[in-house]
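These notes are about the structure you will find just below.
The values are calculated or read from the model by the stated rules, or taken from the named source; none is laboratory data. Keep in mind that what you see is a predicted model, and the values were worked out from it rather than measured. FYI the Cβ positions are ideal-geometry reconstructions off the backbone, even for glycines, and counts take in every protein chain you see. All accessible areas refer to the heavy atoms of the entire protein, side chains included, with ligands and DNA or RNA removed. Shrake-Rupley method; radii C 1.70, N 1.55, O 1.52, S 1.80 Å.
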Amino acid sequence: MAPTVRTVLGIPALALVLRAGREGIDSPVRWVAVSELEDPTPYLEGGELLLTTGLRLGDDDWVTFVDRLVQAGVSALGIGVGLTYDRVSPALVAAADDVGLPLLEVPEPTPFMAVSRAVSDLLAASEYEAVTRTVEAQRDLTRAALAPDGAAAVVARLSGALGADVVLLDPLGNLLHASPRDAASWIELIAPEVERMRERGPRSSAALEVDDLHVVLQPLAPAGRVRGFLAVAREDVFQTPDLALINVAVALVSLAMERSVGTDTARRQLRSALLDLLADGISADRLPVAGVGWDELLAGPVRVMMADGPPPDLMALIEQVEEQEPAEGWRGAAFSGDRVVVLQAASANVEPPAPAAGTAAGAIAWGISDEVPVSGLSDGLRQARRALAAAGPGGVRSFGDLARDGLVGLVDEEAARGFADSLLGPLESRERGDLVASVRAWLAHHGQWDAAANTLGVHRHTLRYRMKRVEDLLGRPLDDPDLRAELWVALAVRDRDAAFVDGL
């Protein structure tokens, strides 16, 4: 939570004195602003401690000034004494007391910068505390999901962590679990939104306000089919860490509800949830990896392998890896969206698992990351995803190969070949001489005429003539950097094709 006016007043080094508005000292302070404008409100967002010396304000201005601050949502006003005013104006004290705005006297020895720095330190400490609290709560939720009635346990833990009402609904909107028990009083108010969400499908979610409550509503759809809804409500607005915790709870409750389809399926889906948490940067030693048979996950760096293919083949692949881990260096396999992620010990040979029996040749494509620590799993997933995109149907690509293969390696072969033929075709007619070789030499020597001519064994004027013909045939000048780059890519495509033929 953000520090309050009371907290700021309690910092001894600042020596701040409360002169008015005691009833508002528990208001949160979200930032410090300094202004000598008669009306600073266009530059405020609300929640500020506003500091001023009152340079442009007299006793007749304070009522209007204070009213504006209250309407803008300012948490407190600090008035510096010793410059414009030797003491806090009684008119200002009266104006602040009338509207309950905390008025702080800032003594002359205390610079405004010191107040700003002190509040900044409090905000940083508050944010760190919130992150730590969220991580601990995520760990508690994961442990709760492993209980015999994991869904109910997660609902109760989430309610306690957020200080909110949490209800779990079935696909028709009927109550399954509630924490606390009387939390179901507002379910009827969100029924229309539940119906709309059911019509929109599993990828929908909603944030709404009902009866002074802020409500977050999310579907539970672990396998693309809505199995229920999780609704969380409280009077206070949900902050970013709160929403992150709700997302974790949704994943865990979804998986807990899927236990009815079999232990193996539930374990795989819980692995997928843990994989998502690891990818979000949560330390593996904070998660119950042993509970899903992933003890080996903590043993050292891994290589992330991502597979794409027909769903039946991917399911067979997971079953095969589960049978072989950890003997073959596999440290786990799980679904990530509609793809399979296999974690391999970095010390093992870089080779994806063989396809399961009955899988058609070339049915599964692979993208393989570089070595990454478990704490860097998000980087490994990103690398594997990019390598998979470059692999093409049934292909296998490593992230490290993307740079080694150059730009041509990222382009579809047929599209690249068509591009090269279209660009170089006008230069390849027999009666036009060896224009392609001339272009290659000229580009290789960065447009240096003498060096390129020597490579070709011709006079530089001959080369100039040839390159003029190239410009005429292509209708573009060679000093165009785009044309030079396109010609170099077209020649690289030709080289790749020639190397493939030579290797047959």
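Quick notes
- Taking the criterion of being surrounded by 20 or more Cβ atoms within 10 Å (Cβ to Cβ) and outside any helix (DSSP H, G or I), the residues of segment 155-172 that qualify are Ala164, Asp165, Val166, Val167, Leu168, Leu169.
- Set Val70, Val34: member being among the β-branched types (Val, Ile, Thr), open to solvent by 30 Å² or more (accessible area, probe 1.4 Å) and under 21 Å from Asp121 (Cβ atoms): Val34
- Within segment 173-182, considering residues that are over 18 Å from Arg234 (Cα atoms) and in a loop (DSSP other than H, G, I, E, B), the one most open to solvent (accessible area, probe 1.4 Å): Asn174
Okay, residues lined up against (1) assigned to a helix (DSSP H, G or I); (2) crowded, with 16+ Cβ neighbours inside 10 Å; (3) not acidic (Asp, Glu):
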position: Thr110; (1), (2), (3): no, yes, yes
position: Ala114; (1), (2), (3): yes, no, yes
position: Ala125; (1), (2), (3): yes, no, yes
position: Thr132; (1), (2), (3): yes, no, yes
position: Ala144; (1), (2), (3): yes, yes, yes
position: Ala151; (1), (2), (3): yes, yes, yes
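- Selection within segment 183-225 - open to solvent by 40 Å² or more (accessible area, probe 1.4 Å), out of contact with any helix residue (DSSP H, G or I) (no Cβ under 9 Å at 6 or more places or on another chain) and assigned to a loop (DSSP other than H, G, I, E, B): Pro202, Arg203, Asp212, Gly224, Arg225
- Between Val501, Val489, Val439, Val493, the distinction of being among the β-branched types (Val, Ile, Thr) and modelled with pLDDT of 90 or more belongs to Val439 only.
- Counted residues, segment 360-382 - those being assigned to a helix (DSSP H, G or I), open to solvent by less than 20 Å² (accessible area, probe 1.4 Å) and in contact (Cβ under 8 Å) with a residue 12 or more places away in the chain: 3
- Boolean, Leu57 is free of Cβ contacts under 8 Å to residues at least 40 places away in the same chain, among the aliphatic types (A, V, I, L, M) and within 16 Å of Gly100 (Cα to Cα): no
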